[in-house]
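Before any comments, here is the structure.
Nothing in this text is a laboratory measurement; each read-out follows from the coordinates by a stated rule. A quick note: this is a predicted structure, and the numbers were derived from the prediction, not measured. All Cβ positions, glycine included, derive from the backbone under ideal geometry; neighbour counts span all protein chains shown.
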Amino acid sequence: MISFILRRVVYTVPIMLGVSLVCFALVHISPGDPLVSILPPDASVELQEQMMAIYGFDRSYPEQFLRWLGRAVQGDLGNSIATGRPVATEVFNAVGNTLILAVTATIIGFTLGGLFGFVAGYFRDSWIDKLATAISVIGVSVPHYWLGMVMVIIFSVELRWLPATGAGPGGSSQWVWDWEHMQYLILPAITMSVIPMGIVARTVRALVADILQQEFVSGLRAKGLLDRGVLAHVIKNAAPTALAVMGLQLGYLLGGSILIETVFSWPGTGFLLGQAIFQRDLPLLQGTILVLAMFFVILNLLVDVAQTALDPRLQRG
Amino acid sequence: MAVTADSIAQLATVEKSRGYWRSVGARFLRDKVAVCAGLVAAGLILMAIFAPWIAPADPLDGSMIKRLSPIGTEGYPLGADELGRDMLSRLIYGARLSLFMGVVPVLIAFAIGGAIGVAAGYLGGWVNTITMRVLDVLYAFPSVLLAIAISGALGAGILNGLLSLTVVFIPPIARVAESVTTSVRKLEYIEAAQASGASSLRIVRDHVLGNVLGPIFVYATSLISVSMILAAGLSFLGLGVSPPNAEWGLMLNTLRNAIYVQPWLAALPGVMIFLTSISFNMLSDGLRSAMDVKQ
């Protein structure tokens, strides 16, 4: 097991390097002079020279990349053009809010998706199955940013039950788990939960249907085990795959939250990205993407390790 | 004699392949959901092509006094947008750019990703390892994030949007192509062709492609729905298509400010995106089961 974890970690290192290379390249594929694109338009000559010295745009690409990577590893992601504040601070403040939203959405999406999928797979080809399948198809096909708008229209504009945008009285920095704040979380979290829900329902349905057809289940049934006992075996067998999907989906939500956060003005990384795009703030864009992508890579690693711990057969594969 | 033998051989292959596609067609037609989805998708494509003939008004022609007219206003069956342009006409015209932005990246990625995957799968060895490791890096990004990263850096514009979406879809398509090709390459008839001295290019063209294109294509069609949502999402963020063009994601973006004035009008472009995405999704599902591709 330990050797597997080590191998998996070693395998992740080149991926991380590659991911940071892609993020590094973002500033360079952007049209125009990279120096201009990371400085405010009214930057003084001294500031320009200072930035030139720090970033070394006159040096070769490999050298630039190594210098940039060296600073990024130490937590220096440059400064935002729009606010002048360090990108790392901005991202750090936003990540917490995104995690609150993404984790809540994952929990809702998994509970509902798992339930739908399980029932559908257990009662295969019944009307419940067809309903659950229809819901999951809708879940994966709906443009979630539009669903967010529809939620706002129904629950904020028409019914006036819940606030439409923002993260409560504390703003972006002061999140508390009380009703005052949580009412702001409800709409974006439910909207976001639809993304994993459909995929989870599909996966769990296929898993359950598959496991129920395996010989050991008929064996258990033949032994006279009651349905509840069979159920426990099915859950045990479905758990590793379900966990893997869950981890991956949480990662996708971290990256995919940008559109939903924009709709609800939720002060997370997605909202930050939206601002960076709107103001053409490349250092902010680059830094946020780097942090989110690294999160995703590490999450993948953790999921793989956890999955293998639950199901050692995977080690050989 | 040689000519006759050749033409018979050719005839035989043609007959055989038509038999396969005929059975796929028959199976597809029996799937009512897929047929309905196919009809909706075809309708949307026809709507895009014949937009100038169907649309009652010019999609760019606004009227200040008609701004945000509600659904059902005389002369404006689906209302008017924030610049007083006819909503129905804009939704119809919007199909052009929206479908273009959603479908074209998948097609280009199918060609490029498919070629990369088949080459990596057939050649195997270190070529395979290096190619797949490089693709793993792009694969390490969630697709939405990668699309936004690239088009955010490149800036708004149709070409930049197409480019970023294409880059997003190449790795998954190449992965599927690689795994299908690798499994086909190990089959005995490929070995037989190699033993008989056929060149790699010829083996790939005559023996591999026919067996791998189907699964890769089905997988690619399943991405169209995602691509539609992502492409409209980019325009929704102010990337991709720019005003005053009619494109559903962009329309959703500009109408978002009117959500308190005409809420349901503002939601209309999203209905179109949803309709397109779900019909392509179900069409692809139907195609998969008709072609009996296991995934």
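What is the helix-to-structure angle for B:125-139, meaning the angle in degrees between its Cα long axis and the longest Cα principal axis of chain B, kept from 0 to 90 and rounded to the nearest 10?
For B:125-139 against chain B, the angle is about 10 degrees.
Springs between alpha-carbon atoms under 10 Å, Gaussian network over chain B: tell me which of B:Val180, B:Val137, B:Val35 tops the mean-square fluctuations.
Checking each option, the largest mean-square fluctuation is seen for B:Val137.
List the aspartates and glutamates whose Cα sits under 13 Å from the Cα of A:Lys236, skipping any in the same chain fewer than 8 residues away.
A:Lys236 reaches A:Asp311.
Find the lysine pairs in chain B meeting two conditions, Cα atoms under 26 Å apart and a separation of 8 or more places or different chains, and report how many there are.
Eligible lysine pairs with Cα atoms under 26 Å apart amount to 4.
Would you work out the relative contact order for chain B, in percent, from Cα pairs under 8 angstrom that are 6 or more residues apart? Don't jump to the answer; show the numbers that get you there.
Working: 421 pairs, mean separation 71.3, N = 295.
So the answer I get is 24 percent.
In chain B, which longest range has no trypsin sites (Lys or Arg not before Pro) that are both DSSP loop (not H, G, I, E or B) and surrounded by at most 13 other Cβ atoms within 10 Å? Write down the numbers at each step before the final one.
Details: sites that count: B:Lys186, B:Lys294.
After excluding every exposed loop site, the longest remaining stretch is B:1-185.
In a shell of Cβ-Cβ distance under 12 Å around B:Ala193, excluding B:Ala193 itself, what net charge do Lys and Arg (+1) and Asp and Glu (-1) give?
Spelling it out: positives minus negatives among the neighbours equals 0.
Taking only Cα atoms and a 10 Å spring cutoff, compute GNM fluctuations for chain A and point out the largest among A:Gly113, A:Gly219, A:Gly247.
Fluctuation is largest for A:Gly219.
Name the shape class, rounded, prolate or oblate, that the alpha-carbon gyration tensor gives for chain A, where a ≥ b ≥ c are the square roots of its eigenvalues, rounded holds for a/c under 1.5, and otherwise prolate holds if a/b is larger than b/c and oblate otherwise.
Judged from the Cα gyration tensor, chain A comes out oblate (a/c at least 1.5, b/c at or above a/b).
So what's the net charge close to B:Met87: Lys and Arg +1, Asp and Glu -1, counting the other residues with Cβ under 12 Å from its Cβ?
Its environment carries a net charge of +1.
How compact is the protein assembly as shown by the rule of thumb for globular proteins, expressed as Cα Rg over 2.2 N^0.38 Å?
Against the compact-globule rule of thumb, the ratio is 1.04.
Taking the Cα centre of the protein assembly as shown as the origin, how large is its charge dipole in debye, to the nearest 20, when only Lys and Arg (+1) and Asp and Glu (-1) carry charge on their Cβ atoms? Show your work: numbers first, answer last.
On the way: 38 positive and 37 negative charges, 355 e Å.
Computed charge dipole of the protein assembly as shown: roughly 1700 debye.
Could you tally the net charge around B:Ala37, taking each other residue with its Cβ under 11 Å from the Cβ of B:Ala37, Lys/Arg +1 and Asp/Glu -1?
On the way: positive: B:Lys32; negative: B:Asp31, B:Asp285.
Neighbourhood net charge equals -1.
With angles folded into 0 to 90 degrees, how steeply does helix A:227-264 sit against the dominant principal axis of chain A? Use alpha carbons for both and round to 10.
30
Could you identify which residue out of A:Thr191, A:Thr89, A:Thr262 has the top mean-square fluctuation in a GNM of chain A using Cα springs shorter than 10 Å?
The residue with the greatest mean-square fluctuation here is A:Thr89.
Would you mind classifying the range A:93-194 by shape? Square roots of the alpha carbon gyration tensor eigenvalues, ordered a ≥ b ≥ c; an a/c under 1.5 is rounded, otherwise it is prolate if a/b is larger than b/c and oblate if not.
Since a/c reaches 1.5 and a/b is larger than b/c, the shape of the range A:93-194 is classed as prolate.
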